[in-house]
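A.B. asks: Please read through the structure below; I'll follow up with questions.
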Amino acid sequence: HLRPKRKSPHLIEGTAFVTHDRLDMVRMEGQLSKRPSFWTRSVEITRRYARVCGVRVPIEMQSRADVRFVGDSTFSMTYNYETINGQPVR
């Protein structure tokens, strides 16, 4: 379980999932520990990670926010790497 020591719209309170053998982070999900603005009631975030060229990097991020007067808003982003640490990604 992840619980930040301070409230910030940049920190997540939730759960981290790691591999059993190498303790590599695979997924992190939860809510922002502080609302980013008056208009946003809550934000749920899921980030997925993978090992690419020997480096643990984010590969996908999805979020859902409850926005006042508008309702649910969703966002999804996928990372495509061309190089990592100067090495081309195959």
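A.B. asks: Taking the Cβ of residue 61 as the centre, find all other residues whose Cβ is under 13 Å away and add up their charges (Lys, Arg: +1; Asp, Glu: -1).
C.D. replies: Here the charged neighbours net out to +1.
A.B. asks: Tell me, what ³J(HN,Hα) does each residue in the range 16-32 have, in order and in whole Hz, if you take phi through Karplus 6.51 cos²θ - 1.76 cosθ + 1.60 with θ = phi - 60° and put x for Gly and Pro?
C.D. replies: 10, 10, 10, 6, 6, 7, 10, 6, 7, 5, 10, 8, 9, 9, x, 10, 4
A.B. asks: Need one number: the % of Cα-Cα pairs in the chain sitting beyond the 24 Å mark.
C.D. replies: Working: 1300 of 4005 pairs.
Result for the distance tail: 32 percent.
Where a number appears in this text, it was derived from the coordinates with a stated rule and is not lab data. Quantities reported herein were computed from a predicted structural model and do not represent experimental measurements. Positions of Cβ are generated from backbone atoms using ideal geometry, with glycine treated the same way; all protein chains shown enter the neighbour counts.
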